[in-house]
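Undergrad: I have a structure here, written as structure tokens, and I will follow up with some questions on it.
The values are calculated or read from the model by the stated rules, or taken from the named source; none is laboratory data. Fair warning: this is a prediction, and the values are worked out from it, not measured in the lab. Cβ atoms come from the backbone with ideal geometry, glycine included; neighbour counts cover every protein chain shown. The area values use the complete protein model at the heavy-atom level, side chains included, leaving out ligands, DNA and RNA. Shrake-Rupley method; radii C 1.70, N 1.55, O 1.52, S 1.80 Å.
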Amino acid sequence: MDFRSRPDLKCTSFGFDSYQSLQAMIFAVEEINANPNLLPNITLGIKLFDTCGAMRRAVEGTLWMLSGGSKSIPNYQWKEKTHLAGIIGDSASTRSILMAQILGLYRYPQVSYFATSPVLSNRNQFPSFFRTIPSDEFQARGLAQLVTYFGWSWIGLLAIDNDYGQLGIQVIKQELLMSGACVAFLENILSKHPNRNALQIVKTIRESTANVIVVISYAFALLPVLEELLKQNVSGKLWVASEAWSTSNLLSNKRFQQILAGTIGFAVHSGKMLGFTEYLTSFNPLKYPDDDFVKFIWEQIFLCKWFVNINNGTTRCTGGEKLESSLTKPEFRLSFNVYTCVYTFAWALKSLLQCKPGAGPFHDGECANISSFQPWQLLHYVKNTNFQADDNTRIFFNDKGDPPAIYDIVNWQLGATENLEQVVVGMYNASAPRGTTLILDSTSIKWNTGDLQVPYSKCSPSCPSGFQKVTIPGKPSCCYDCAHCPQGKISNQTDAVECQQCSWDMCPNQKQDRCLPRTTEFLSYKDPMGVSLAAIALFSSTIPVYILMVFFRHRTTPIVRANNWSLSCLLLVCLSFCFLCALAFIGYPQPEMCLLRQVTFGMVFALCISCVLAKTITVAIAFKATRPGSRLRKWSGINVSYSAMGICVFVQLCICVLWLSHSPPFPEYDTQTLSRVIIVSCNEGSSGVFFWIMLGYLGLLAAISFIFAFLVRHLPDSFNEAKFITFSMLAFLSVWVSFVPAYLSARGKNTVAMEIFAILCSSWAVVICIFVPKCFIILFRPNMNSREHLMKRDKEHK
């Protein structure tokens, strides 16, 4: 190995993390050189240059390395036996950007272990830059996803006022707004202010109702803010940390436990470097007497002094102290990134070394010479590097030079020493399948509340099921009121933005948090009213049959023969069917039943009323025809009655055919009348126009029969039934006139029941008024049903 330093370039401070990273680099080089299978017959060396965090020194160090390590001369290279493969560093994004602008001109590969700026992903500006730590863009999206995962929607944002803080916080803000969360406040830590404007920041935090604060900052910049929080006794806030301070030893002091306990955040993914812990603990000032760094570290860790007269009680360092006791954390985060940087170049050189002539990636299949390759040639292999760094980490680069975005999720918990410890509780992997990018062990998280319950951070309390959010004018969308769902709608989740309409066959329950099946309402045979009406209809249909049997048995008697025996029989059959057609209205309204039930009712009743009209016409013509010289004698035959009846029925048939062909009835589901009931009924089609035409036609026939019967009610004929027809038609018309307003005002199954009731009543009116008096005479007054009684009545009339 070739170590070179610049005695005229000295730093004013020492960082233990930086020194540990240096040792990780040396450890990786020694491990690679000791591995005969990785780079056989090739020895890696390193040149070290400390930029001390200065921009000027970063540029000067870059030129120093490009010039061969003698002088910092632009566009000049001192030819040595050793070959510069590439540069590892810098740790800061701003210095890495300056270095990358220079190295990109020469296509020298540059791999950084801690530069996280998204700007460096621009391949047009930085074609030879790579890094083993993810871009801040991935971290910002991951932190926003972490906040969303726990259901926090009212968030405070705090960021350092440089590119690291401002770029990161803008991405987080955008992601939070896209996920539906709101930003309660956004404050910047002003790095140029001595106290980092801590007073203003703490005032905002104290007055805000947000309980979760996302911080993109460095530990040293956040320290004054925490001190001011302690001073003003502001606690109870949960902090979400970026990787720049999530594992900070500076803030892990027990004096900050009241503020920072429960903090959760992203940390640089920790990998395993077998043997590195033993390597570090092997350092001892007695073993390396010329290494001032080791002596300084020894003094810092064990609080002692070397070879100085101690008069103030300070312990003298002996070298016998055990360094193992100070390395309490087995994870190596920044050191592991440095370690993988070295291995990136090693695997790139291995690929270059294994190139077979004729199958190389360059012109005409050429390969690069391991002892005289050009920077751009090795750059090709660095781009395609892909190796397993440890059991859980594979290193490769995307087309922007970024590695897989993997972060550890750490939770700050109070340790045995009363200091805060960072416990790994999960992992974020941006390249994992959707839904598995964030893996958390929620049971191992200890919140600032002291329990396992996730802290609450919302502008408004959650709206329970059955409610919906209503925005408040002038406030963010996360600040809202809760309002009951409108009638007929439900919400089955908390914080519902909008209530959902139940499907047509369902209705909300009382709490309006779920839909229940609606009960269907129709006049069924299981319904008491349906059973009653069906029983009445069946019983009623037997009465005309019984009367027909009575008439048939006494068919030779004068009272039966005097009233047109054939028409009476036909009328009785029609009346039986009139009662039975009421059964078509009971039961579930099937499509075929909807088509037939009204048509059946109309045709049967038309035939029934036509029979009554025919009987009335027969009585009138028969009386007129008995007068001497009457021309109506030729119209007194039975064929006239049948012809009149046929014409009347044909007209009704035409109405029904037009109805069925133009606008047939169909089943209808009424979901509006009753909120929890679906009324299943038959829609009569065309707004019921044909139904009312059909019913009106029946009324017209009944009215004509009534008029004819009324005009001939006093005719001196034996057993004149005109007056009975008059009463029957009067009753018939009264029933159906009363039916119209009742039908229009009824709802659901009551509408059907009303029509059945009208059918039964009107049919009974005809039966009672026309046939009951005759049956009474036939059965109970047989003496009146004789020829002698008939002759006697004729003499009395004369």
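Undergrad: Accessible area per residue of region 287-445 at 1.4 Å probe, in Å²?
TA: 55
Undergrad: Roughly speaking, what is the stretch gain from residue 531 to residue 321, that is 0.36 nm per residue apart minus the C-alpha to C-alpha distance, in nm to one decimal?
TA: Residue separation times 0.36 nm, minus the Cα-Cα distance, leaves 65.4 nm.
Undergrad: For helix 528-553, what angle does its Cα long axis make with the longest principal axis of the chain, in degrees from 0 to 90 and rounded to 10?
TA: 20
Undergrad: Taking a threshold of 29 Å on the Cα-Cα distance, which of the pairs 47/400; 173/469; 237/272 fall above it?
TA: Listed pairs above 29 Å: 237/272.
Undergrad: Separate question: When ligands, DNA and RNA are left out and all protein chains stay put, how many square angstrom of accessible area per residue does region 151-207 have with a 1.4 Å probe?
TA: 46
Undergrad: What does the accessible area per residue of region 497-595 come to in Å², with a 1.4 Å probe and no ligands, DNA or RNA counted?
TA: With the other protein chains kept in place, region 497-595 gives 54 Å² per residue.
Undergrad: What is the packing order of peptides 755-765, 346-356, taking the mean over residues of other C-beta atoms within 10 Å and listing the highest first?
TA: Output ranking for 755-765, 346-356: 755-765, 346-356.
Undergrad: Residue 265's amide H: which non-local residues (gap 5+, or another chain) put their own amide H closer than 5 Å, with H modeled 1.01 Å from N in plane and none for Pro or chain starts?
TA: 241, 410
Undergrad: Also, quick follow-up: For 605, 650, 362, write out the residues from largest to smallest accessible area, computed with a 1.4 angstrom probe and no ligands counted.
TA: 650, 362, 605
Undergrad: What percent does the relative contact order of the chain come to when contacts are Cα pairs within less than 8 Å and at least six residues apart?
TA: 9
Undergrad: Straight-line reach only, C-alpha to C-alpha below 14 angstrom: list the aspartates and glutamates that residue 192 could link to, leaving out same-chain residues fewer than 8 apart.
TA: 161
Undergrad: Under 5 Å between amide H atoms, partner at least 5 residues away or on a different chain: which partners does residue 68 have, H built in plane at 1.01 Å?
TA: Amide H to amide H, under 5 Å and 5 or more residues apart or across chains, residue 68 pairs with 78.
Undergrad: For helix 565-580, report the angle its Cα long axis makes with the longest principal axis of the Cα atoms of the chain; keep it between 0 and 90° and round to the nearest 10°.
TA: Tilt relative to the chain: about 20 degrees.
Undergrad: Say each of residue 658 and residue 281 gets a label point 7 Å from the Cα, pointing the same way as Cα to Cβ; how far apart are those two points in nm?
TA: 10.7
Undergrad: Could you check the simple spin-label distance between residue 255 and residue 19, using points 7 Å along Cα→Cβ, in nm with one decimal?
TA: 2.4
Undergrad: On a full-extension model of 0.36 nm per residue, what is the gain between residue 374 and residue 779, subtracting their alpha-carbon distance, rounded to one decimal in nm?
TA: Length gained, residue 374 through residue 779: 132.7 nm.
Undergrad: Does region 117-242 classify as rounded, prolate or oblate by the C-alpha gyration tensor (a ≥ b ≥ c root eigenvalues; a/c under 1.5 gives rounded; else a/b over b/c gives prolate, otherwise oblate)?
TA: It comes out oblate by the Cα gyration axes.
Undergrad: Then there is this: Please work out how much length the chain gains when fully extended from residue 516 to residue 497, using 0.36 nm per residue of separation minus the C-alpha to C-alpha distance, in nm with one decimal.
TA: 4.7 nm
Undergrad: Counting helices only, and only those DSSP H runs with n ≥ 4, report the 222 nm mean residue ellipticity of the chain as the sum of -39,500 (n - 2.57) divided by its residues, in deg cm²/dmol to the nearest 500.
TA: That calculation yields -14000 deg cm²/dmol at 222 nm.
Undergrad: In degrees between 0 and 90, to the nearest 10, how far off the longest principal axis of the chain does helix 55-66 point, with axes built from Cα atoms?
TA: Result, in degrees: 70.
Undergrad: What order do 518, 56, 316 take when sorted by accessible area (1.4 Å probe), most exposed first?
TA: Most to least solvent-accessible, the answer reads 56, 316, 518.
Undergrad: Output ³J(HN,Hα) for region 97-114: one whole-Hz value per residue in order, computed from phi by the Karplus curve 6.51 cos²θ - 1.76 cosθ + 1.60 with θ = phi - 60°, and x for Gly and Pro.
TA: 5, 4, 5, 5, 5, 7, 5, x, 5, 9, 6, 7, x, 10, 10, 9, 9, 8
Undergrad: I would also like to ask the following. If you take the beta carbon distance between residue 418 and residue 452 as r and set R0 to 25 Å, what does 1/(1 + (r/R0)^6) give as a FRET efficiency, to the nearest 0.05?
TA: 0.70
Undergrad: Among 100, 704, 431, whose Cα projects farthest towards the positive end of the dipole of the chain, with charges put on the beta-carbon of Lys, Arg (+1) and Asp, Glu (-1)?
TA: It is 704, whose Cα lies furthest towards the positive end.
Undergrad: Using modelled amide H (1.01 Å from N, peptide plane; none on Pro or chain starts), what sits under 5 Å from the amide H of residue 186, excluding residues fewer than 5 places away?
TA: Correct list: 157.
Undergrad: Something else: So, R0 is 41 Å and r is the distance between the beta-carbons of residue 191 and residue 366; what FRET efficiency does that work out to, to 0.05?
TA: Step by step, r from the Cβ atoms, then E = 0.20.
Undergrad: Moving on. With charges set only on the Cβ (+1 for Lys and Arg, -1 for Asp and Glu), what does the dipole of the chain come to about its Cα centre, in debye to the nearest 20?
TA: Roughly 4580 debye, rounded to the nearest 20.
Undergrad: Using each residue's phi in region 122-139, evaluate 6.51 cos²θ - 1.76 cosθ + 1.60 at θ = phi - 60° and report the 3J(HN,Hα) Karplus result to the nearest Hz, with x for Gly and Pro.
TA: These are the phi-based 3J(HN,Hα) values: 7, 6, 5, 8, 10, x, 10, 9, 9, 7, 9, 10, x, 5, 4, 4, 5, 5 Hz.
Undergrad: Please report, as a whole percent, how much of the solvent-accessible surface of the chain comes from carbon and sulfur atoms (probe radius 1.4 Å).
TA: 58
Undergrad: Using the beta-carbon distance between residue 643 and residue 556 and R0 = 35 Å, what value does 1/(1 + (r/R0)^6) give for FRET efficiency, to the nearest 0.05?
TA: 0.80
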